[in-house]
Amino acid sequence: MPKPEHFTPITVGIMGGSASGKTTFANALAEQLTEFSPVVLNQDSYFRDWSEYSESERERVITANHPDAVLWDALITDIKKLRDGDAIDTPTPGTRAAQRGNTKASVQPSDIVVVEGHLIFWSEGLRDLMDIKLFLDVDAHERVLRRMIRDVAQRGGDLEWCINWYRRDVLPNFPVYTEPCKQYADLIIPFQDENPVALHTLVAGIRARIAARNSTS
């Protein structure tokens, strides 16, 4: 596929605590902008596989809520490629997704690239690639309830294990690596419930930016 001339996709970052609704909001945004065939990348797809550690060591060091969990170079490289009008291949080697044997796929460039995850604003290099940065703000008690429903009721996880993991990994890391990144957001969106006003306002703003870009190309 030839690169479009003056290809300058709009990159949207969506961040928030665990179970704040990031994936829900990202998918709703993409559904409202289907004519642009938005690309949605989930930070979780770039979690490292910790394969360099033995099984016993892995249980001691593994995390999903500390920046060490993410293959930042791979994620940033893929975003740069999409912004340059190049396709990327997923899953990335060295990730949990690749270790699980997830089906390989080619992701094509688009006018809109949406990146979502609970650590994405921690990386300055990644922040610098984002045109719009959103932080979904949800009460901590509500996020815990959503997480338990998701991990136990929907995914069939063990309740005791989920609680222990939350205590071990989420609680100590959220106030250090996720919550402080709210300062980097362009917009803080309350998402205790669905927020159609915020969604429609964002959609209108993105459409206006694309129209303005196209009119000067």
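Where a number appears in this text, it was derived from the coordinates with a stated rule and is not lab data. Remember, predicted model here, so these are calculated numbers, not experimental data. As a convention, Cβ positions derive from the backbone with ideal geometry for all residues, glycine included, and neighbour counts pool all protein chains shown.
Would you mind estimating how fast the chain diffuses translationally, via Stokes-Einstein at 25 °C and 0.890 mPa s with the Kirkwood radius over Cα pairs, in µm²/s?
Details: Rh = 18.3 Å.
Diffusion coefficient, whole number: 134 µm²/s.
With a ≥ b ≥ c the root eigenvalues of the C-alpha gyration tensor of region 82-131, is it rounded (a/c under 1.5), prolate (a/b larger than b/c) or oblate?
Here region 82-131 falls in the oblate category.
Mind giving me the nanometre distance, one decimal, between the label points for R209 and F36, set 7 Å out from Cα along Cα→Cβ?
0.7
Below 8 Å, C-alpha to C-alpha, sequence gap of six or more: please give me the relative contact order for the chain in percent.
33
Can you give me the long-range amide H partners of L136? Hydrogens built in the peptide plane at 1.01 Å from N, cutoff under 5 Å, separation of 5 or more residues or another chain.
Under 5 Å from the amide H of L136: M15, G16, I189.
Could you order peptides 70-81, 197-208, 12-23 by the average number of other Cβ atoms within 10 Å of their residues, highest first? Let's see the in-between values first.
On the way: 70-81: 18.8, 197-208: 14.6, 12-23: 24.8.
Ranked from most to least packed, the peptides come out as 12-23, 70-81, 197-208.
Compute the distance from the alpha-carbon center of region 83-118 to that of region 174-217, in whole Å.
Taking the Cα centre of each part, region 83-118 and region 174-217 sit 22 Å apart.
At 0.36 nm per residue, and after removing the present C-alpha to C-alpha distance, how many nm does the segment from D193 to T77 gain when stretched out fully? List each step's numbers first, then the result.
Numbers: separation 116, 0.36 × 116 = 41.76 nm, distance 3.41 nm.
38.4 nm is the gain from fully extending D193 to T77.
Return the loop-located chymotrypsin sites (Phe, Trp or Tyr not before Pro) in region 100-190 (DSSP other than H, G, I, E, B) with at most 11 other Cβ atoms within 10 Å of their own Cβ; answer none if there are none.
In loop regions of region 100-190 (DSSP not H, G, I, E or B), there are no sparsely surrounded chymotrypsin sites (Phe, Trp or Tyr not before Pro).
Please report how far the C-alpha centroid of region 22-43 lies from that of region 150-166, rounded to the nearest whole angstrom.
Value for the Cα centre distance between the two parts: 27 Å.
Where a ≥ b ≥ c are the square roots of the eigenvalues of the C-alpha gyration tensor, would you call region 1-121 rounded, which needs a/c under 1.5, or, failing that, prolate if a/b is larger than b/c, or oblate?
Prolate.
How much mean residue ellipticity at 222 nm does the chain get from its helices, if each DSSP H run of length 4 or more adds -39500 (n - 2.57) and you divide by all residues, to the nearest 500 deg cm²/dmol?
When only DSSP H runs of four or more count, the value is -10000 deg cm²/dmol.
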